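Here is the structure we will look at.
Read-outs: derived from the displayed coordinates by stated rules, not from any lab. Computed from a predicted model, the values in this text were never measured in an experiment. A quick note on method: Cβ atoms are made from the backbone with ideal geometry, for glycine too, and the neighbour counts reach across all protein chains shown.
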Amino acid sequence: SALVQATRTVTAVCSQLAPLLEQACRRVMPSTFAAFGSDVPYAEPAWYRGVPTPYYQDKHVAFRAKVRAWVDENLKPYVDEWDEAGQCPIEELRASAHKAGVLSPWAPSELGGTPPEGGWDEFMFLIWADEIARCGAGGVAILFFITYMSLPHILHFGSDFLKETIARPVIAGEAGMAITLTEPQGGSDLANIKTSAVKTEDGKHYVVNGVKKFITGGQCVGYFSTIVRTGPPGIQGLSMIVIPSDAPGVSVTKLKAAGWWAGNTTLVKFEDVKVPIENLIGMEGMGFPVMASVMNGERLIGCMGAIRAARTCLAEAISFSRERMTFGKKLSSSQVVRHKFAQMARRVEAAQAVVEALAFSMAAGAGPAEIGGPMALAKVECTQAHEYCAREASQVLGGASFLRQGKGQLVERLAREVRVNVVGGGSEEIMLDLAMRMSRI
């Protein structure tokens, strides 16, 4: 009987370990998938080109196809027009994206999210950010990303009331939400936020006063996830609160920016805005950790957006050089030009490898303390690749890259978007210093 019991115990343990071992083997054993997307060299990530990968599985292939199909049908044909117009039909696009399962695939299904078949993971995140960014206009893509940058505050720390009344309609595409952190006087110095939220005498409301600047999507959202000061100076006095954009005392002004024209970069003013105390996310004084909980995800989006912009610049330059005849031969046959492509490609491929390695670490359980510094370095790596490739592509295209029309239109726009990618989510200087401080140098 002892042998029988031991056998049963071993069988039970093995049955529990089997799924874990299968998952581990999938992570370790490389998979190879059919070529997908553009056949221009380096226009797509290596695993799109049929290179074996230890990271991606069949479920990722299916999700990639779904996102690309929606982007190709609903975004790419129109982004030139929308960016020039400085606006896009984001309300209709949100509804369409939600129906297709690509608006909030990261959100929980119990609140209306649409996780992909096989479940959401960090590599789904990379695919989602990359394929949305592939639309070719950062100002359009960012309007889908700002929801991820602002809503998880509620999902992770918010009350059931906030989840039902605000998160649910935002996830369904019935409303939009923007992250409202930066102030005119402070930039990345979020510890010294001046926007104040003072409780009324009856304790039922906060009265908010202050100004926020560089707020993306400010004119097309219903809510601002806002960091405010409810206590003493320093990070201990900060709190996160959700402010309806149509509340009396809220005013939003569009700013004239170099890029992201359709993303409507805005100035948001709060003048004696009364906000129900129920709109507080978490507890008073939790504002900084609540805000910081989403920053690595925001930077991961920034990394993938920059890599896709760099890839697009490289692909556009290669395609142009294959057609352009100079001095009796194709531009692509020039050794100097080919060396430009090599330098662009090595930066893009290196950046992709860094980000995929970080995604693997996150999937394996690495937390903010382990991943924060490397993520900051990755953001610098990726945005510098974007900056380099934008410049070199412009050199290859010559005068065409100076025009907001014709063959150079896409490169011209991506070159204008370099600065917001480099600075947004933390400038190079802030990121490099953060990485070194977290390394305790």
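A few comments on the model shown:
- Where a label projected 7 Å from the Cα of ARG440 along Cα→Cβ would reach, residues of region 343-372 with amide N under 17 Å: 367-372
- The charge dipole of region 194-265, taken about its Cα centre with unit charges on the Cβ atoms of Lys, Arg (+1), Asp and Glu (-1) only, comes to about 280 debye.
- Signed unit charges on C-beta, dipole axis of region 90-185, positive-most listed residue PHE161, GLY173, PRO105: GLY173
- Where labels lie 7 Å past Cα in the beta-carbon direction, separation of GLU323 and GLU174 in nm: 4.6
- Secondary structure note: in the chain, about 85% of the DSSP beta bridges are antiparallel.
- Each other residue within a Cβ distance under 12 Å of GLU349 adds +1 if Lys or Arg and -1 if Asp or Glu, for a net charge of +1.
- Put a dot 7 Å past the Cα of GLU349, heading toward its Cβ, do the same for ASN192, and the two dots end up 4.5 nm apart.
- Matching label, semi-axes √(5λ) of the Cα gyration tensor in Å computed from the structure shown, candidates (1) 38, 28, 21; (2) 36, 32, 20; (3) 34, 27, 20: (2)
- Take every pair of alpha-carbon atoms less than 8 Å apart whose residues are at least six positions apart; their mean separation over the length of region 329-441 yields a relative contact order of 27 percent.
- Rounded to the nearest 20 debye, the dipole magnitude of the chain is 1160 debye, with +1 charges on Lys and Arg beta carbons, -1 on Asp and Glu beta carbons, and the Cα centre as origin.
- Taking amide H positions as modeled 1.01 Å from N, with prolines and chain starts lacking one, the residues under 5 Å from PHE214 and 5 or more places away or on another chain are THR266.
- With the simple spin-label model, which puts each label point 7 Å out from Cα in the Cβ direction, the GLU117 to VAL211 separation comes to 5.3 nm.
- Stretch gain in nm, segment GLN236-LYS330, where the contour uses 0.36 nm per residue and the Cα spacing is subtracted: 27.7 nm
- The ALA247 and VAL423 beta-carbon pair, evaluated with R₀ = 35 Å, returns a calculated FRET efficiency of approximately 0.75.
- For LYS269, the lysines whose Cα comes closer than 17 Å to its Cα, not counting residues fewer than 8 places off in the same chain, are LYS194, LYS212, LYS213, LYS254, LYS256.
- Mean separation of Cα contacts under 8 Å (6+ apart) over length of the chain, as relative contact order %: 14
- Centre-to-centre, using Cα atoms only, region 298-361 and region 155-193 are separated by 35 Å.
- Note on region 62-136: Cα convex hull, mean projected area over all directions, 5.0 nm².
- Under the Karplus curve 6.51 cos²θ - 1.76 cosθ + 1.60, θ = phi - 60°, whole-Hz ³J(HN,Hα) for region 101-115, x wherever Gly or Pro sits: x, 10, 7, 10, x, 8, 8, x, 5, 5, 10, x, x, 10, x
- Each residue of region 124-130 was assigned a 3J(HN,Hα) from its phi angle through the Karplus curve 6.51 cos²θ - 1.76 cosθ + 1.60 (θ = phi - 60°); the sequence is 4, 4, 4, 4, 4, 5, 5 Hz, with glycine and proline shown as x.
- Counting only Cβ charges, +1 for Lys and Arg and -1 for Asp and Glu, the dipole size of region 319-441 around its Cα centre is about 700 debye.
- Remark: region 256-261, residue by residue, has Karplus-estimated 3J(HN,Hα) of 7, 10, 5, x, 6, 4 Hz, where x stands for each Gly or Pro and the curve is 6.51 cos²θ - 1.76 cosθ + 1.60 at θ = phi - 60°.
- Computed from the C-beta positions of MET29 and SER361, the FRET efficiency with R₀ = 22 Å rounds to 0.70.
- Gaussian network model of the chain, springs between alpha carbon atoms under 10 Å - residue of SER225, SER319, SER333 with greatest fluctuation: SER333
- Fully extending the segment from ALA46 to PHE402, taken as 0.36 nm per residue of separation minus the present Cα-Cα distance, adds 125.1 nm.
- Proximal lysines relative to LYS340, as straight alpha-carbon distance under 29 Å, when same-chain residues fewer than 8 apart are discounted: LYS76, LYS329, LYS330, LYS379, LYS407
- With 10 Å bins beginning at zero, the pair-distance distribution over Cα atoms of region 296-441 amounts to 12, 37, 28, 15, 6, 1 %.
- Residues of type aspartates and glutamates that LYS204 reaches as a straight line, Cα spacing below 13 Å, ignoring anything fewer than 8 places off in the same chain: GLU278
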